[in-house]
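K.L.:
Provided herewith is a single structure, encoded as structure tokens, for subsequent inquiry.
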Amino acid sequence: MNVGMRVRGGMLAALIMLAVPVAATLVASPAFAQAVSSIQVEGNRRVEVETIRSYFKPGPGGRLDQAHIDDGLKALIETGLFQDVRITQPGGRLVVTVVENPVIGRIAFEGNKKVKDEQLSAEIQSKPRGTLSRPMVQSDAQRIAEIYRRSGRYDVRVNPEIIEQPNNRVDLVFTITEGGKTGVKSVEFVGNSAYSSYRLKDIIKTHESNLLSFLGGADVYDPDRVEADRDLIRRFYLKHGFADVQVVAALTEYDPEKKGFLVTFKIEEGQQYRVATVNFASSIGTLDGNSLSSFSRVYVGSLYNAEALEKSVEEMQIEASRRGYAFAIVRPRGDRNFEAHTVSITFAIDEGPRTYIERINVRGNTRTRDYVIRREFDVSEGDAYNRALVDRAERRLKNLDFFKSVKITAEPGSSSDRVVLIVDLEEKSTGDFSVSGGYSTTDGALAEVSISERNFLGRGLFAKASVTYGQYARGYSLSLVEPYLLDYRVALGLDFFQRQQLANSFISYGTKTLGFSPRLGFGLREDLSLQLRYSIYQQEIQLPANLANCNNNAANGLLAFNPSPAFAASQTPPIDLAATNGLGCYFDGEASLPVRKELQAGKTLTSAVGYSLNYNTLDNNKNPTDGLLVDFKQDFAGVGGDVRYLKSAVDAKYYAPLVADIVGLIHVQAGILNSVGSDIRMLDHFQMGPNLVRGFAPNGIGPRDLNPFGTNDALGGTKYWGASAELQMPFWFLPKEVGLKGSVYADAGSLYDYKGPTSWAQTGEVNLPGCVPSTRNPVSAGTCTGLVFDNGNVVRSSVGVGLIWASPFGPLRFDYAVPLTKGPNDRVQQFKFGGGTSF
């Protein structure tokens, strides 16, 4: 019996020593029974005797047997409070001798430069003034290493060191060798035939390392990102008709020679399917399934699209709920025809279980207010549980971009027909401070400093302040957006701005604008939005004195008498302009008549209401390859203020993938400006250049002042149209990560029909020789101070090539275009460059 006891005790001790680095000894003696209160405890300093005794649970009658002693020994060891536990039974007494683990006095981190002490302290479980546990220390070292691995540093080394101090205390020091970031050296695809590897690299988030990778982080190996890329590839194929696609594996291998990871995605594409039929079947007697057909985004003859299928299910289920069928569930069923490569889709509408939402619990929002999260739900506590509405809320919360992760789960409630929604969130930084720089052939060098916050005060507000200072453009702006006005899904925006455009080689005058604009935004559909706006701004012309010093009226005390050549020749006797080579006030140049009239008018107030209607089906707003973008807007000025007009404009772009990663783009645009009971200012006209037809200078197209002694300013037009066809293609011989694309294009368009001021009647320049008395308009250039201009009604066209670079410094574009047809007075600029960045 004694031998058996020793063997069992020895095996127990061995097992415990293998599991944890705590020495535990049980010295066995014949079986006996005694009270817990008779246990003698030795060696304890901080832990109370009664606490240690409490781990020995007595059996019936309050007595201990050997099994209870074994259980108590295990429980004491598992507390982590003791370095050694020994049980002896001399003279029939039970003696528990313990050696307590030391107390941690200080925890320090050495060698960490990329991760702050605060972040590491929050991750580890060992805490100052807590008990030292060696298994926990090793676990903490693994946690620290994992933090570095998540940021791509797989060569990290963490060495914990325990430094003994007096009074059974220790200092815990983690020495960290961070190592460099481990990049992705290659991304390959196996099994893809419908789409090239070049195209698929656009879909995934993992990128290969290159010379400029240090400016980003997508080339750093992240196993979670690679796994997410598998789903992105799968969803891309499902969206384009490949219903059987499988991304079998994402293989990663570390290459010691390249000092990086090789990532390979293995794909089984399957066949591409089209939709053969779309049917609707309802098992709910009072609900006709066909009545929901208008909410389907799946059409006969189209490619099978899993994303459109999901959205159809969501829209149909929500519509059924609106009609009073709160528990209706829509389930799509697809029957494949493998020979014809078609799929027949049936939407089955059934009555689901009658389940209600008992509570919605939000966890993890330390900064964001609760109501900011709850307002993204179309359901509330007590409503019928509708999974489609819950999924929509989850998607909306993710789109807020306030959180690193969002997950909504349903847990059983207080009864079988109740569920509790758990919203788990992890918040992230939502503030941005940026310093931007750029250069364009239009605005010259430009710098901007801005600060913005997407979740201002945790209330879901967007706030931004920016200051711009450039060679020819300067200003500042303040913006605030409330996405839920009065708890409705209507966004209210407030913008205050000041802009100054300086004279440059394209215009002889500058403008200064100070304004305020409130706006309302409505999401009519996922692809359709409406914006209503009101704008009020004050604008004035800024012009050098020498360009506005003509004065043909000697009685005008505002300016010195400085006649024009035509006025001087009309006098009897003629005024001698020998001192100015016969040019009079034109000797030092003179701005165009409409510009000088704007200068004389001083500050002008514009008060306008308008709207924009936007339709967007682009697959990617930053780098589109497929879809349509249409923007139509109208503005009516005349709600008070000094000017009146109606301005309308439409801009449409259609992208379509062609062959071998080549994308086609058709771009059309048009606009018209109508007078409403008063003359139209020159500044309100459309001004066009390379934004309409590339190869022309800014303000280089359209009506222009022809005064041979003036500045020949562009006057603008009240009508314009433009059309462009472009092919964008990658450079296949360059790595995808370089981000370079080429383009070839052809543009055509026109700007015409100037309707601004053409005469000057206020300073005596009336009925001069060469002027038509009834209109005061000139007969020919130089005969009258009235305006002589080219109305610009000529079709302009050009062809060109471009270089598009999605660089780490921001989007850059270089264009070289050659005009094919142009007006006689247009200004040509064959090279154009523009771009900028935030850093």
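K.L.:
From the helices alone, meaning DSSP H stretches of at least four residues, give me the mean residue ellipticity at 222 nm for the chain, per-run term -39500 (n - 2.57), in deg cm²/dmol to the nearest 500.
P.N.:
So the helix-based figure for the chain works out to -4500 deg cm²/dmol.
K.L.:
Report Rg/Rh for region 384-525, rounded to two decimals, where Rg is the Cα radius of gyration and Rh the Kirkwood radius.
P.N.:
We get a ratio of 1.16 for region 384-525.
K.L.:
Any idea what log10 I(q)/I(0) is at q = 0.12, 0.16, 0.21 Å⁻¹ for region 609-758, Debye with uniform C-alpha scatterers and no solvent?
P.N.:
Values, matching the q order: -0.65, -0.96, -1.28.
K.L.:
Here's a follow-up. For region 346-391, which trypsin sites (Lys or Arg not before Pro) pass both filters: DSSP loop (anything but H, G, I, E, B) and at most 16 other C-beta atoms within 10 Å?
P.N.:
354, 367, 369
K.L.:
For region 596-651, what size does the Cα cloud have along each of its three principal axes, sorted from largest down, in whole Å?
P.N.:
Answer, in whole Å and largest first: 50, 23, 13 Å.
K.L.:
Starting from the Cα gyration tensor of region 282-409, multiply each eigenvalue by 5, take the square root, and state the resulting semi-axes largest first in whole Å. Show your work: numbers first, answer last.
P.N.:
On the way: eigenvalues 194, 76, 24 Å².
Semi-axis lengths for region 282-409 are 31, 20, 11 Å.
K.L.:
Å³ per residue of the Cα convex hull, for region 539-648?
P.N.:
Values: hull volume 20.9 nm³, N = 110.
It comes to 190 Å³ per residue, whole-number rounded.
K.L.:
Further question: Can you run the Rg to Rh ratio on region 650-697? Use alpha carbon positions and the Kirkwood inverse-distance Rh.
P.N.:
That ratio is 1.19, to two decimals.
K.L.:
Right, another one. Which pairs in the list 622/755; 181/266; 127/205; 404/653; 428/512; 113/259 are over 28 Å apart, alpha-carbon to alpha-carbon?
P.N.:
Correct reply: 622/755; 127/205; 404/653; 428/512.
K.L.:
How are the Cα pair distances of region 569-611 distributed, in percent, across 5 Å bins from 0?
P.N.:
Per 5 Å bin, starting at zero, the Cα-Cα P(r) for region 569-611 comes out as 5, 16, 14, 14, 14, 13, 8, 5, 5, 4, 3, 1 percent.
K.L.:
Now a separate question. Between Rg and the Kirkwood Rh of region 362-414, both from Cα atoms, what is the Rg to Rh ratio?
P.N.:
Reported Rg/Rh, Kirkwood definition of Rh: 0.94.
K.L.:
Obtain the nm distance between the two label points defined at residue 227 and residue 354 by a simple spin-label model: each point lies 7 Å from its Cα along the Cα-to-C-beta direction.
P.N.:
My value for the distance between the label points is 4.1 nm.
K.L.:
Using a 1.4 angstrom probe with every protein chain in place, what is the largest-first accessible-area order of 231, 753?
P.N.:
Sorted by accessible area, descending: 231, 753.
K.L.:
Still on this structure, I have one more. Based only on Cα atoms, what mean projected area does the convex hull of region 192-337 have, in nm²?
P.N.:
Average of the hull's projected areas for region 192-337 equals 11.9 nm².
K.L.:
When each pair of different Cα atoms in region 480-613 is counted once in the 1/r mean, what is the Kirkwood radius in angstroms, to one decimal?
P.N.:
Kirkwood radius, region 480-613: 18.8 Å.
K.L.:
Give me the 1.4 Å probe accessible area per residue for region 271-340, excluding ligands and nucleic acids, in Å².
P.N.:
That works out to 54 Å² for each residue.
K.L.:
Now a separate question. If the only charges are +1 at each Lys and Arg Cβ and -1 at each Asp and Glu Cβ, what is the size of the charge dipole of region 243-309 around the Cα centre, to the nearest 20 debye?
P.N.:
It comes to approximately 160 debye.
K.L.:
Leaving ligands, DNA and RNA out of it, report the carbon-plus-sulfur percent of the accessible area of the chain at a 1.4 Å probe.
P.N.:
Accessible surface attributable to carbon and sulfur in the chain totals 55 percent.
K.L.:
Separate question: Cα extents of region 680-744 along the three principal axes, largest first, in whole Å?
P.N.:
Projected onto the principal axes, the Cα atoms of region 680-744 cover 53, 25, 16 Å.
K.L.:
A further question on this structure: Kirkwood hydrodynamic radius (Cα pairs, Å) of region 219-265?
P.N.:
For region 219-265, inverting the mean 1/r across all distinct Cα pairs yields 11.8 Å.
K.L.:
If you put +1 on each Lys and Arg Cβ and -1 on each Asp and Glu Cβ, how big is the dipole of region 622-718 around its Cα centre, in Debye rounded to 20? Mind showing how you got there, number by number?
P.N.:
On the way: 8 positive and 10 negative charges, 11 e Å.
For this selection, approximately 60 debye.
K.L.:
Over the chain, what portion of Cα pair distances is larger than 51 Å, expressed as a whole percent? Mind dumping the intermediate values first?
P.N.:
Values: 147443 of 351541 pairs.
Considering the chain, 42 percent of its Cα-Cα pairs are separated by more than 51 Å.
K.L.:
I want the local charge near residue 395. Using Cβ-Cβ distances under 10 Å, sum +1 for each Lys or Arg and -1 for each Asp or Glu among the other residues.
P.N.:
Charge balance in the 10 Å sphere: -1.
K.L.:
Just the Kirkwood number for region 78-148, please: inverse of mean 1/r across all distinct Cα pairs, in Å, one decimal.
P.N.:
Values: mean 1/r = 0.0696 Å⁻¹.
Hydrodynamic radius (Kirkwood, Cα only) of region 78-148 equals 14.4 Å.
K.L.:
Per the Debye formula with a single identical scatterer at each Cα and no solvent contribution, what log10 I(q)/I(0) holds for region 408-489 at q = 0.20 Å⁻¹?
P.N.:
Taken in order of the listed q values, log10 I(q)/I(0) reads -0.96.
K.L.:
Count the net charge of all other residues whose Cβ sits under 11 Å from the Cβ of residue 475, scoring Lys and Arg as +1 and Asp and Glu as -1.
P.N.:
On the way: positive: 474, 499, 512; negative: 448.
Every neighbour counted, the sum reads +2.
K.L.:
With charges set only on the Cβ (+1 for Lys and Arg, -1 for Asp and Glu), what does the dipole of the chain come to about its Cα centre, in debye to the nearest 20?
P.N.:
840 debye
K.L.:
Separate question: What does the charge count around residue 831 come to, taking other residues whose C-beta lies under 14 Å from its C-beta (Lys +1, Arg +1, Asp -1, Glu -1)?
P.N.:
Taking every Cβ under 14 Å from that of residue 831, the sum is +3.
The values are calculated or read from the model by the stated rules, or taken from the named source; none is laboratory data. Computed from a predicted model, the values in this text were never measured in an experiment. Cβ sites come from the backbone with ideal geometry, for glycine too, and all protein chains shown count toward neighbours. Keep in mind that these areas ignore ligands, DNA and RNA; they rest on the heavy atoms of the full protein, side chains included. Shrake-Rupley method; radii C 1.70, N 1.55, O 1.52, S 1.80 Å.
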